[in-house]
Amino acid sequence: MIPARIARPVGLLPLFLVSAGATGIETALTRYFALSKYSEYGYWVISIVMVGLALSGVVMALGRGWALRHGQAILRALPLLMLIAGGLGYRFVTQNPFNPLLLQNSATWTSQLGYIGLYYLALLPFFFLIGAFISLSFMLNEDRIGRVYAADLIGAGGGAGLVLLLSFYLSPFRLVPALLLPVGLAALCVRRPPLVLAAVPVLFAVEAVLIFDDQATISETKGIYAPLHTMGSRVLAEVASPRGLYDLLDDFTERADVDVSNDAGLMNLPGPPRTYGLYRDGTRIAALPSSPDFKAAYSPALLGALPYQLLPRARVLLIGSGGGFRVREALALGAASVDALEPDPVIRRAVLRGLGGSTALPPDPRVRLLDAGPLALTRLHTRYDLIDISSDFLDQAEANEAAFTAEAIADDYRMLAPGGMISIPVSIRDFPSYALRVMNTVRAALGEDGVNDPAAHIAVYRSAWNVRILVSPEPWRGQRIKTLLKFCDDRSFDVVYYQGFDYIAARDNIYNDLPPVSFASGEVDNSISPNDALANEAAVLMAGGTPPSAADFDLRPIRIDRPAYYSLLRLSHLGTVLSRLEILPQPEIAQLVNVAVLVQAALLAALVLCVPLFAKKPPARARLKITPLVVGFSALGLGFLFIEIVLIDRASLYLNDRTLGFALVLTAMLVFSGLGSLAAERAPRSGLALIASLVALCCVALALGEQHVLLATAGWPLYARVCLLLAVIAPLSLLLGMPFPLLLSRGGVAGSWFLPWAWGLNGAMSVVATPLANLLALQIGFKAVLLCAAMMYIVCVVADPTRAWLKESKAL
C-alpha cells in the first residue's frame, strides 16, 4: 500500500478535459489525413495514440516510486507540456512531405518510410504525455479507480461528440487547433499561479501559429489538386460537414467516367456538356450541371442506355442521382417516372436547390428525390420496371457499398415488376476481377432467392473501362439478346456474357481489347489477335467453375456481414501483393496499412509485456499470479475494441452515414462505459466473472441477431434507428465499463506494481485489436469478430485473475 502522504487524491476535472482533448484530437487527425492524404492512413493516428499510451504505462511502471513521490507536481505540469507538444506536433505533421503514391513505387518507397517515422516523432510526445497523465491519475487515486476511469471515458466521449459538432463549422485543417482548447483549460485548472500565468500565453501562441500560419495543404495526389491549381479555376462553394469538406469547382473538365460511345458522332448525338465538379475531402464524387438549359441528348450513346431500350416507358428507381444527371438521362431515354435515391445531403440539396451556381433539377411530376439508403428500399412498397445503380454511387460514401451486397441485390430483385431489370455498374479500370466478383455476388443472390438457374438471368456487356451487369426475372432469350447484340455493335461496346454466348467466336469482332494480364508477374498476353479476358473468365464463373483470377483475387460474394467492395486482394499471397504494389487501387491499400500497423502493434505488445518484467523485478506478491493478470488485461483490451469496431461499422451501414455512425457509437460507448465504471465501485470484488459472462452472451446474441434486425428495420426513420442503436449500445457499454476498474480495484491490483503496467498493456492490446479486427472483418466477417470478442471475455472468466489474486492474497 502506498503511504497516504504520497498517494493523495487529485481532482478529476483536469482528467476529463485532457481525455476530451485527446480523443477529439485523435479523431480530428483522422479527418486531417482523410483530406490531406487518404482516409486509410488515419490508422496511423490510432496506432500513434495507443503507442503513446502503452509506452507511458511502461515508463510509469519502471519509475513508479519517483512518479508517486512527485505525482502532484507532475500532474500540474503535464497539461502545459501537452499544449506545447500538441501544437508543435501538429505543426510538424502539416509540413511533412509524405506522398502516398511514392510509397507504392519501388524506387521511392524507402524515403516515404522515413516520412512516416516523422509522423510518429511529431505526435508521439503528445500522446505519451496524455498517457502519463491518465496513468498517474489512476496511481494517485487508487481508492477511486471507478471514478477515475469514468472521468477518462466520459471525457473521451465528450471529445468525440465535440468533433462531430465542430465539423459542421470548421475545415478538418482547423479542428486540431480548436480541440487543443480543452487541454489548455486543463492547464488553467492546476491552481498554481506560475503555471497558469505560463499557460495563458502558451495557449494563445500555439493557437495563433496554427491558425494564422496554417501549413496544412491537400496532397498533389488527391483528385482536386490539379483542377484546383489550373489557371482560372474557381471554388464556387464550400460546405463543412461531418461527412467531409465539400468543394464545388469550376474546373474546366468534362464529366468523370461517363461511358459515352466513341460512335456518338456517327449517331448524330452531341457529347456530354461541361460541368462543375463536386469534391469531398479532395476526391471527386459528382458532377453538377453548369448550364440551366442543357438537354441530355447524348443519353442514347451511354453504356447504361440499353435497359431503357429494352423497357420503354419504364418506372425507374435510380440508386444515386448522379448530381441530377442520371435523372435527366433517364427521362431523356423515355422513363415514365423516376424515383432517385440520394443519401448524401449535400448532393441532394444541390439537386433540389442548386449549389454555388449549379443548376437545380426543374420541378417535374414524374420525378421524386428520396433520402433513403440502399438497404431501405423495401419501405417504398413499389414495383419498378428498372432499378438502375448510378456509376458514381459506389465511391460517394463507404456506406454505399451496401448496394452491391448479395442481400441488397436480392431485395432489388424482389422489387422488380414482371419483365423488369436491374442494371449494375462495375469499373474495370483497375482490375477486371471486380466485375467477376460482382457477377458472383449476383449469382449468389439469385440462387438464395430461389432462382433455379441464375446464370440464365444475367447478361453482361462493357466498354473499354466499365461493365454493366443486367439481371432479369426472365431468362435472356430471343429478342432481348438480339437487342443486346445490336446495341453493342452500334456503339462499339462488347458483349461479355449471356447464357449460350460464344465468347471464342466473338474474339474476331472485339471493339475494346482486354488482354489477359497475370497479376503475379505483370505479364500481358502478347497474342496479336484481340482478346476479352473478362469474357473468358465470366463463362467459367457463371458455369459454377473457378476462373483463373480466383488464384490471385478473392471473388467471394459481397455480403452484408462482409460488405467491403475493395477487398479483392488475397493477403495469403502477401509477397505477390507487395511486388505489385505500384498498380494497386488506392482503396485496396487499406488492408496493407492494417497489416503494417498489426505487425508494429504485436512488437509493441511484446515490449510492454516484457520490459517491466525484466527491467524491474516485481514485488514477491505480484509475481504470484502474473499469467492470469496478463491474460485478463490482454483479453479486455482486445475484446472491448473488437466490439467497438463492429458496432461502428454496423451503425455506419444502418444509418447510411459513416461519420454519424462513428460519432454515435464512440460517444455512447465511452459515456455509458464511464457510467459502468462508476457502478463498478459498488459491484462485488469477485463480480468480474459474472460481468464478463454477460458481455460474452451479449456478443453472441448480437452475432446471431444483428443482421436480421438491421435488414428488418433499415427503412425506419432516422430518429427511430438512432434510438434502437442507443437501446443496444447503452446496456452493453454499461457492462463493458466494469471489468477494467474491477481488475484495478483493491481486490485486484490497485496501488500495486501492476497498476501503470496494466494500463500500458491494455493500451498495447488496443493497438493490436484495431487492425486485427479490421482484417478479420474483411476476411471472415463481422459476426466472426463479435464471436472473437465473446471468446475474449470468456477467457477472462476462465482465467479470472481477480479470483486468483484474492486466493493468493489470503494464502499470504
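The values are calculated or read from the model by the stated rules, or taken from the named source; none is laboratory data. Because the structure is a prediction, the values reported are computed rather than measured. Here the Cβ is made from the backbone with ideal geometry for all residues, glycine too, and neighbour counts use every protein chain on show. The area values use the complete protein model at the heavy-atom level, side chains included, leaving out ligands, DNA and RNA. Shrake-Rupley method; radii C 1.70, N 1.55, O 1.52, S 1.80 Å.
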Selection within the range 261-278 - under 22 Å from Leu249 (Cβ atoms) and either open to solvent by 10 Å² or more (accessible area, probe 1.4 Å) or without any contact (Cβ under 8 Å) to a residue 12 or more places away in the chain (or both): Gly271, Pro272, Pro273, Arg274, Tyr276
So for the range 450-469 (the condition being modelled with pLDDT under 95, open to solvent by 30 Å² or more (accessible area, probe 1.4 Å), over 39 Å from the mean Cα position of the chain (by Cα) and among the hydrophobic types (A, V, I, L, M, F, W, C)), does at least one residue qualify? no
Can you pull out the residues in the range 132-183 that are more than 20 Å from Val671 (Cα to Cα) and charged (D, E, K, R)? Glu142, Asp143, Arg174
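Conditions tested, residue by residue: (1) among the charged types (D, E, K, R); (2) in contact with a Phe, Trp or Tyr (Cβ under 7 Å, 6 or more places away or on another chain); (3) open to solvent by less than 10 Å² (accessible area, probe 1.4 Å).
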| position | (1), (2), (3) |
| --- | --- |
| Leu140 | no, no, yes |
| Pro182 | no, no, no |
| Ile218 | no, yes, no |
| Ala226 | no, no, no |
Restricting to the range 309-331, what's the tally of residues that are open to solvent by 10 Å² or more (accessible area, probe 1.4 Å) and closer than 17 Å to Pro365 by Cα? 5
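Just to confirm my filter: which helices (runs of 4 or more DSSP H) fall fully inside the range 602-683 and include at least 1 residues that are modelled with pLDDT of 75 or more?
Details: elements: 620-623, 626-655, 658-680.
Passing ranges, in order: 626-655, 658-680.
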Could you tell me which residue of the range 196-216 is nearest to Ala73 (Cα to Cα), considering only residues that are open to solvent by less than 30 Å² (accessible area, probe 1.4 Å) and in contact with a Pro (Cβ under 6 Å, 6 or more places away or on another chain)? Glu207
Here the residues within the range 423-446 that are polar (S, T, N, Q) and open to solvent by less than 10 Å² (accessible area, probe 1.4 Å) are Ser423, Ser433, Thr441
Scan the range 230-248 and give yes if some residue there is in contact (Cβ under 8 Å) with a residue 12 or more places away in the chain, of a type in the set (A, V, I, L, M), out of contact with any strand residue (DSSP E or B) (no Cβ under 8 Å at 6 or more places or on another chain) and not in a strand (DSSP E or B), otherwise no. no
Looking at this structure, is Phe133 crowded, with 18+ Cβ neighbours inside 10 Å, out of contact with any Gly (no Cβ under 6 Å at 6 or more places or on another chain) and of a type in the set (Phe, Trp, Tyr)? yes
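Tell me, please, whether a residue that is at pLDDT 85 or above, more than 29 Å from the chain's Cα centre (by Cα) and among the charged types (D, E, K, R) can be found in the range 272-279. Lay out the reasoning, then the answer.
Start the filter on the range 272-279 by keeping residues that are at pLDDT 85 or above, which leaves 275-279.
Still in the running and more than 29 Å from the chain's Cα centre (by Cα): 275.
If we keep only those that are among the charged types (D, E, K, R) as well, we get none.
The answer is no; no qualifying residue exists.
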Tell me the residue from Ile387, Ile409, Ile347 that is open to solvent by less than 10 Å² (accessible area, probe 1.4 Å) and within 21 Å of Gly223 (Cβ to Cβ), please. Ile347
Given the residues Leu734, Leu718, Leu743, which is the only one that is under 26 Å from Pro628 (Cα atoms), more than 19 Å from the chain's Cα centre (by Cα) and at pLDDT 80 or above? Leu734
Scanning the range 656-688 residue by residue, those under 30 Å from Ala403 (Cα atoms) and open to solvent by 40 Å² or more (accessible area, probe 1.4 Å) turn out to be Arg658, Leu660, Phe662
Identify all residues within the range 228-256 that are within 15 Å of Leu288 (Cβ to Cβ), β-branched (Val, Ile, Thr) and either modelled with pLDDT under 85 or open to solvent by less than 10 Å² (accessible area, probe 1.4 Å) (or both); write none if there are none. Thr253
Would you pick out the residues in the range 486-530 that are within 16 Å of Ile428 (Cα to Cα), at pLDDT 85 or above and buried (at least 18 other Cβ atoms within 10 Å of the Cβ)? Phe493, Asp494, Val495, Val496, Tyr497, Tyr511, Leu514
Give me the pairs, please: first residue somewhere in the range 397-421 and at positive phi, second residue anywhere and in a helix (DSSP H, G or I) and not basic (Lys, Arg), beta-carbon distance under 8 Å, and either six or more positions apart or on two chains. none
Determine which member of the set Gly304, Gly324 is in contact with a strand residue (DSSP E or B) (Cβ under 8 Å, 6 or more places away or on another chain) and closer than 25 Å to Val235 by Cα. Gly324
